[in-house]
Every structure is written in C-alpha cells, then in structure tokens.
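This report refers to the structure that appears directly beneath it.
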Number of protein chains: 2
Amino acid sequence: MTELLLPPDAQDLLFREARTANAFTQEPVTREQVAAIYDLVKYGPTAMNGQPMRILLVGRDSRERLLKHMADGNRDKTAEAPMVAVLAVDTDFHEQLPRTFPHAPHLRDGLAAAGVEKREATARFNAGLQAGYFLIGVRAAGLAAGPMTGFDAAGVDEEFFSGSSWRSFLVVNLGRPAENAWFDRLPRLEVDEVVAEV
Amino acid sequence: MTELLLPPDAQDLLFREARTANAFTQEPVTREQVAAIYDLVKYGPTAMNGQPMRILLVGRDSRERLLKHMADGNRDKTAEAPMVAVLAVDTDFHEQLPRTFPHAPHLRDGLAAAGVEKREATARFNAGLQAGYFLIGVRAAGLAAGPMTGFDAAGVDEEFFSGSSWRSFLVVNLGRPAENAWFDRLPRLEVDEVVAEV
C-alpha cells in the first residue's frame with residue numbers, strides 16, 4: 001500500500017481510530033475550543049470561497065430548547081453532551097462575496113437575483129463539505145463528535161433561527177468520549193466497490 | 001488561542017498551508033495512491049454508515065470525454081491535471097446497508113420504497129461530507145486537489161454513468177502543484193461571524 005505523507009499518529013487521530021461517540025464525560029467543551037477548531041477548518045475549500053456554514057453552540061442552559069426537536073434515539077445523548085453544535089447554512093452567504101471573493105463582485109448580485117432556493121441549494125452542498133472539515137477538526141482538537149441528521153430541522157429553525165437566514169442541517173454532539181462510548185466499528189466498503197477507472 | 005492536539009505540521013499539511021491548485025506538474029498520480037487515500041478517509045462518518053460516495057478516475061486516455069462537459073474556465077486545468085477524480089453518489093447505496101449497517105437491515109427496504117429521489121437527497125448530503133474527507137485525504141497523501149462544481153453534471157452522467165445508479169456531483173483535479181499553482185489566499189470569515197451561542 002502506498003504510504004501517505006500524513007504521519008500515522010495523525011491518521012489515527014483523525015480517521016483510523018476516531019469514532020462517532022455516543023456518550024461523553026462531563027468535561028466541559030468551551031466556545032474557545034470551538035473557535036480554535038474553526039480557525040483550522042476555515043481554510044477548507046468552498047465554491048467561490050463562499051463559506052456558507054454557520055455554527056450555533058447550544059450550551060447546557062439552552063439544551064432543552066434543542067432536545068424537543070431531536071429524534072427519540074438521539075435525545076438522551078444530546079442531553080448528556082457537554083456541548084452541542086447545530087450546523088447551519090446561511091442562505092445569505094452571498095452578501096459576503098464582495099469581501100471573500102473580491103475579484104468577482106458581480107456574483108453577489110447574480111445570487112441575489114437567483115433567489116433563496118437556488119442559494120440554499122448551493123449553500124447546502126458547500127456547507128456539507130465544510131461539515132466534513134469540521135468533524136475532522138473536532139478530532140484534531142482531541143475531542144469526539146457525534147453527528148446526527150435525526151432531528152426536526154424546521155422545528156430547530158423556528159426555535160433558534162426565526163427571522164434569520166440560517167437553516168440547520170446537522171447537529172453534532174461534542175465532548176470527550178466516555179467509557180463505552182462506541183458501538184462496534186461498522187464495515188466499510190472496499191476500494192474496488194467505490195473506485196472505478198476509465 | 002486553545003492549542004489543538006493535531007501537531008502543527010499536520011495542521012499545515014491539511015489546512016493552513018494547503019491550497020486549491022490550479023496547475024500541476026506532470027508527475028503521475030496512480031490508482032494506488034487514490035486507493036491509499038480512500039483507505040484512510042473511508043472511516044469518516046456517514047448517516048446509517050451508508051457511504052454513498054463513489055470515485056471515477058479519469059486517466060489521460062479518457063480525458064477528452066470529460067473535458068467537453070467542463071465549464072470553460074475549468075477545461076484547461078482539467079486537461080493538464082495528471083489525474084482527475086469524478087466524485088459521484090450511488091443512488092442505490094441502500095443495497096449495501098444489510099452489510100454496512102447490519103443491526104437495522106430493514107432500512108434497505110424502507111429506502112427502496114422511498115424512491116430514488118429521496119435516496120438521492122440523502123446520498124448527496126452524506127457524499128458531501130465524504131467529499132470533505134476526501135479532499136483532506138488528498139492533502140494527507142501530499143497531493144493538491146482542485147475541486148470544481150463548474151461542469152455539466154447531466155452530460156457527465158450520460159457520458160460515464162449511463163444505465164448505472166451513479167450521479168456526479170464534484171470533479172477534482174489531483175496532482176503535485178506546479179509553480180504558480182495558487183491564486184492569492186482569499187479571506188476567511190471571522191469566528192464571530194460564523195459561531196453563535198445560546
């Protein structure tokens with residue numbers, strides 16, 4: 001097998017030994033830690049450098065507001081996690097393009113004219129990439145992530161993003177894994193099932 | 001700033017000094033290298049462990065078939081890249097669930113009944129996460145990636161995926177960056193613009 005340039009310890013930290021945690025210790029996760037993660041993963045590429053992903057941190061005092069919108073199987077672990085990040089898209093991300101993509105300032109007006117549905121589709125795809133970067137970044141910080149799509153996104157949006165341009169798409173529990181935080185590692189598809197060649 | 005557990009050199013390799021390349025040397029990129037990247041990033045999490053992303057490698061001999069579907073601004077660099085990966089979703093990813101998510105084998109039938117549009121939406125979101133992992137994996141291999149959404153996806157699907165369940169969503173040039181491969185680093189949003197708290 002071809003060797004990667006990334007050292008094996010880092011491969012283990014980010015991928016090979018990293019796992020989706022389903023239980024956490026009570027050690028706090030701070031906004032400062034999430035800021036450090038963002039400060040790393042913000043460099044990941046997005047189309048037009050549009051950077052549509054946003055992060056709402058839901059601390060202990062506001063957790064009940066989130067729990068009622070979680071699917072039954074996700075509610076208890078979301079209650080226990082020391083920190084929860086609601087990942088969202090900003091459907092008005094185009095307003096930043098004159099600053100973040102300065103050589104093509106007309107794109108802002110084009111996306112304004114295209115309408116919110118078209119912008120949201122673009123934003124959701126690119127925020128999906130950024131969510132991938134973010135989950136890797138959580139692991140880079142030595143924390144475990146528990147990403148969940150099982151929640152009522154419309155309910156979360158009404159709860160937290162009413163009147164704003166943010167729309168939730170993923171809820172991620174953050175913390176140090178507790179003992180027995182893992183299910184067994186599930187099988188991955190083989191290279192030959194995934195990689196084709198022409 | 002809180003320090004991350006991932007060593008600074010690895011942070012640089014994957015994020016801080018990594019850049020989207022727009023020109024490449026002629027050093028080949030092999031299927032074996034892509035297999036090594038996949039073997040790392042396959043561990044990234046997806047909903048139901050569904051792993052819907054697929055990779056079509058388009059070598060030099062088939063490149064013309066791809067180029068005619070690329071947007072004008074992306075055609076020349078896609079012609080020059082030593083290897084190109086077309087990232088796709090498999091809308092029949094649910095067929096693997098009895099093996100990849102064995103404790104809930106009924107999900108396959110549920111997703112079969114839900115229809116291809118519903119499956120494709122799920123697949124596209126999760127393949128977006130996987131594309132994020134893949135781009136990080138390319139950098140872990142010491143290569144540069146040039147991801148592009150500017151192409152005619154329907155044309156690419158007809159060209160390469162006719163009669164199959166794969167649907168293209170991102171084209172990624174792969175190689176060693178040439179001199180002058182970079183545009184200037186574009187501005188990133190500040191933490192306070194992206195991270196909110198309740």
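The values are calculated or read from the model by the stated rules, or taken from the named source; none is laboratory data. Predicted model, so just to flag it, every value in this text is computed and none were measured. Glycine gets a Cβ as well: all are built from the backbone with ideal geometry, and neighbour counts include every protein chain shown. Protein only, heavy atoms only, side chains kept; ligands, DNA and RNA dropped before computing areas. Shrake-Rupley method; radii C 1.70, N 1.55, O 1.52, S 1.80 Å.
In table form, for the structure just shown:
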| quantity | calculated |
| --- | --- |
| The one condition in (1) free of Cβ contacts under 8 Å to residues at least 24 places away in the same chain; (2) open to solvent by 20 Å² or more (accessible area, probe 1.4 Å); (3) more than 7 Å from every other protein chain (Cβ to nearest Cβ) that residue A:65 fails to fulfil | (1) |
| Residue that is surrounded by the most Cβ atoms within 10 Å (Cβ to Cβ) [pool: residues in the stretch A:1-45 that are basic (Lys, Arg) and either assigned to a loop (DSSP other than H, G, I, E, B) or more than 8 Å from every other protein chain (Cβ to nearest Cβ) (or both)] | A:42 |
| Residue list for the stretch A:15-46, filter: touching a strand residue (DSSP E or B) at 6+ places or on another chain (Cβ under 8 Å), of a type in the set (A, V, I, L, M), touching a residue at least 12 places away in the same chain (Cβ under 8 Å) and closer than 21 Å to residue A:90 by Cβ | A:34 |
| The stretch A:99-122, subset within 13 Å of chain B (Cβ to nearest Cβ) and among the small types (Gly, Ala, Ser), residue farthest from the chain's Cα centre (by Cα) | A:104 |
| Neighbours by Cβ (under 9 Å, 6+ apart or cross-chain): first from the stretch B:97-122, over 22 Å from residue A:184 (Cβ atoms) and in contact (Cβ under 8 Å) with a residue 12 or more places away in the chain; second of a type in the set (Phe, Trp, Tyr) and open to solvent by less than 40 Å² (accessible area, probe 1.4 Å) | B:111/B:93; B:119/B:93; B:122/B:93 |
| Members of the stretch A:166-194 that are in contact with a Lys or Arg (Cβ under 7 Å, 6 or more places away or on another chain), part of a strand (DSSP E or B) and open to solvent by less than 30 Å² (accessible area, probe 1.4 Å) | A:169, A:173 |
| Residue satisfying condition, being small (Gly, Ala, Ser) and more than 23 Å from residue B:136 (Cβ to Cβ), within set A:150, A:142 | A:150 |
| Unique match (being within 11 Å of chain A (Cβ to nearest Cβ), in contact with a Pro (Cβ under 7 Å, 6 or more places away or on another chain) and in contact (Cβ under 8 Å) with a residue 12 or more places away in the chain) among B:125, B:93 | B:93 |
| Verdict on residue B:12 being over 19 Å from the mean Cα position of the chain (by Cα), closer than 23 Å to residue B:157 by Cβ and not aromatic (Phe, Trp, Tyr) | no |
| Qualifying residue in the stretch B:142-150 (condition: more than 14 Å from residue B:87 (Cβ to Cβ) and either free of Cβ contacts under 8 Å to residues at least 60 places away in the same chain or of a type in the set (S, T, N, Q) (or both)) | no |
| Tally, over the stretch B:154-170, of residues that are touching a residue at least 60 places away in the same chain (Cβ under 8 Å), farther than 15 Å from residue A:194 by Cα and of a type in the set (Gly, Ala, Ser) | 1 |
| Evaluation of residue A:56 against (1) in a helix (DSSP H, G or I); (2) in contact with a strand residue (DSSP E or B) (Cβ under 6 Å, 6 or more places away or on another chain) (one fails), failing number | (1) |
